[in-house]
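Have a look at the structure below before the remarks.
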Amino acid sequence: MLINLSCDRGTYFADSIKMQDEAWSMFDPCNFTCQIDDTIRVYNLDLSVRTSTGYPYRNLYLFVVTSFPSGNSVTDTLQALLANEQGDWLGRGAGDLRELTIHYKSNIYFPEKGEYHFKVIHGMRDTVLNGVYDLGMRISLKEN
């Protein structure tokens, strides 16, 4: 399920991908595509993950592959802490649902005009992660 949102004036791009059966396979990456026409503006990139409190780990490793309009690509590895050492869930939520924003990049410029592709793959040991509802990406304009 793809949802393109523009919630506020600072949001340039927002999209969310719902996991089938609340499970995320490492062989089923989340793909986001965004058109960038302004290489002078400054942007922030955030990911968001919604999980169940039944998610079996305190953390989530992510590989983010960014493909530029020129065809070049770069891969980043992120670790998101979803719960503290005592097992208390971070982020916000109610019942068994928790949502956490993962700050990915701040104060960046996109060096090329055109279509950017972002592929997000989980890097956990389990091939399928149960208890993951969806993953989102938000690109916002940095305020002056």
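Right, Ser106: under 17 Å from the mean Cα position of the chain (by Cα), of a type in the set (Ser, Thr, Tyr) and surrounded by 16 or more Cβ atoms within 10 Å (Cβ to Cβ) or not?
no
From the list Asp28, Asp15, which one is out of contact with any Asp or Glu (no Cβ under 9 Å at 6 or more places or on another chain), on the phi < 0 side of the Ramachandran plot and either crowded, with 18+ Cβ neighbours inside 10 Å or aromatic (Phe, Trp, Tyr) (or both)?
Asp15
Confirm whether His117 is over 17 Å from Asn31 (Cβ atoms) and either in a strand (DSSP E or B) or hydrophobic (A, V, I, L, M, F, W, C) (or both).
When the stated conditions are applied, His117 does not pass them.
Is it the case that the stretch 69-84 has a residue that's touching a His at 6+ places or on another chain (Cβ under 6 Å) and modelled with pLDDT of 95 or more?
no
Pull up the stretch 109-141, narrow it to residues that are surrounded by fewer than 14 Cβ atoms within 10 Å (Cβ to Cβ) and of a type in the set (Lys, Arg), then point me to the one that is modelled with the highest pLDDT.
Per the criteria, the residue is Lys113.
Quick one: how many residues across the stretch 92-113 are in contact (Cβ under 8 Å) with a residue 24 or more places away in the chain, closer than 25 Å to Glu143 by Cβ, of a type outside the set (A, V, I, L, M, F, W, C) and in a strand (DSSP E or B)?
Number satisfying all stated conditions: 7.
When only residues in the stretch 32-91 that are touching a residue at least 60 places away in the same chain (Cβ under 8 Å) and of a type in the set (A, V, I, L, M) count, which is farthest from Gln20 (Cα to Cα)?
Of everything passing the filter in the stretch 32-91, Ile40 is farthest from Gln20 (Cα to Cα).
Taking Asp46 as the residue in question, decide whether it is under 25 Å from Ser140 (Cβ atoms), part of a strand (DSSP E or B) and out of contact with any His (no Cβ under 8 Å at 6 or more places or on another chain).
For Asp46, the condition - under 25 Å from Ser140 (Cβ atoms), part of a strand (DSSP E or B) and out of contact with any His (no Cβ under 8 Å at 6 or more places or on another chain) - is not met.
For Asp38, only one of the following conditions fails: (1) within 19 Å of Ser140 (Cα to Cα); (2) part of a strand (DSSP E or B). What is its number?
(2)
Kindly evaluate Asp46 against the criterion of being among the charged types (D, E, K, R), under 13 Å from His122 (Cα atoms) and surrounded by 12 or more Cβ atoms within 10 Å (Cβ to Cβ).
It is false that Asp46 is among the charged types (D, E, K, R), under 13 Å from His122 (Cα atoms) and surrounded by 12 or more Cβ atoms within 10 Å (Cβ to Cβ).
For the condition over 17 Å from the mean Cα position of the chain (by Cα), of a type outside the set (Asp, Glu) and surrounded by fewer than 17 Cβ atoms within 10 Å (Cβ to Cβ), what is the one hit in Thr33, Thr53, Thr101?
The match here is Thr53.
The values are calculated or read from the model by the stated rules, or taken from the named source; none is laboratory data. Everything numeric here is computed off the predicted structure, so don't read it as measured data. A quick note on method: Cβ atoms are made from the backbone with ideal geometry, for glycine too, and the neighbour counts reach across all protein chains shown.
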